[in-house]
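Trainee: The structure follows.
The values are calculated or read from the model by the stated rules, or taken from the named source; none is laboratory data. Everything quoted here is computed from the prediction, not taken from an experiment. With ideal geometry, Cβ positions are generated from the backbone for all residues, glycine too; neighbour counts draw on all protein chains shown. These area figures cover heavy atoms from the full protein model, side chains too; ligands, DNA and RNA do not enter into them. Shrake-Rupley method; radii C 1.70, N 1.55, O 1.52, S 1.80 Å.
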Amino acid sequence: MQITVDLDLCESHGSCVFAAPGIFSFDDDYLLYEPAPDDGLRGAAEKAAASCPVRAITVAAAP
C-alpha cells in the first residue's frame, strides 16, 4: 500500500492522526506519516483518508 499526503492541501486538522495513529502523527505542527505501511493497516489508512476534511490523503496499491 502507498500513502500520499498533499502537504500543500493539509491544514493539520489531525483527523488522520486519530483515525490511524499507527500511520500518522505530529511532530510539533508538522504531519508525519508512513508512506508505505503494512497492508494490515489498510482499513485504518482508508478511514484516515475519508476523515480528512480537505481530502489531502490518497491511499493506493503499492507500486
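Trainee: Please verify whether Pro35 is open to solvent by 30 Å² or more (accessible area, probe 1.4 Å), over 13 Å from Ile3 (Cα atoms) and either assigned to a loop (DSSP other than H, G, I, E, B) or in contact with a helix residue (DSSP H, G or I) (Cβ under 9 Å, 6 or more places away or on another chain) (or both), treating the condition exactly as stated. Give the derivation first.
Mentor: Values: open to solvent by 30 Å² or more (accessible area, probe 1.4 Å): yes; over 13 Å from Ile3 (Cα atoms): no; either assigned to a loop (DSSP other than H, G, I, E, B) or in contact with a helix residue (DSSP H, G or I) (Cβ under 9 Å, 6 or more places away or on another chain) (or both): yes.
No.
Trainee: Right, another one. Working only within region 8-32, note down all residues that are in a loop (DSSP other than H, G, I, E, B) and charged (D, E, K, R).
Mentor: Within region 8-32, Asp8, Glu11, Asp28, Asp29 meet the criteria.
Trainee: Picking from Ala62, Ala50, Ala44, which residue would you name as being of a type in the set (Gly, Ala, Ser), open to solvent by less than 60 Å² (accessible area, probe 1.4 Å) and outside any strand (DSSP E or B)? Working first, answer last.
Mentor: Values: Ala62 fails: open to solvent by less than 60 Å² (accessible area, probe 1.4 Å); Ala50 fails: open to solvent by less than 60 Å² (accessible area, probe 1.4 Å).
Answer to the check: Ala44.
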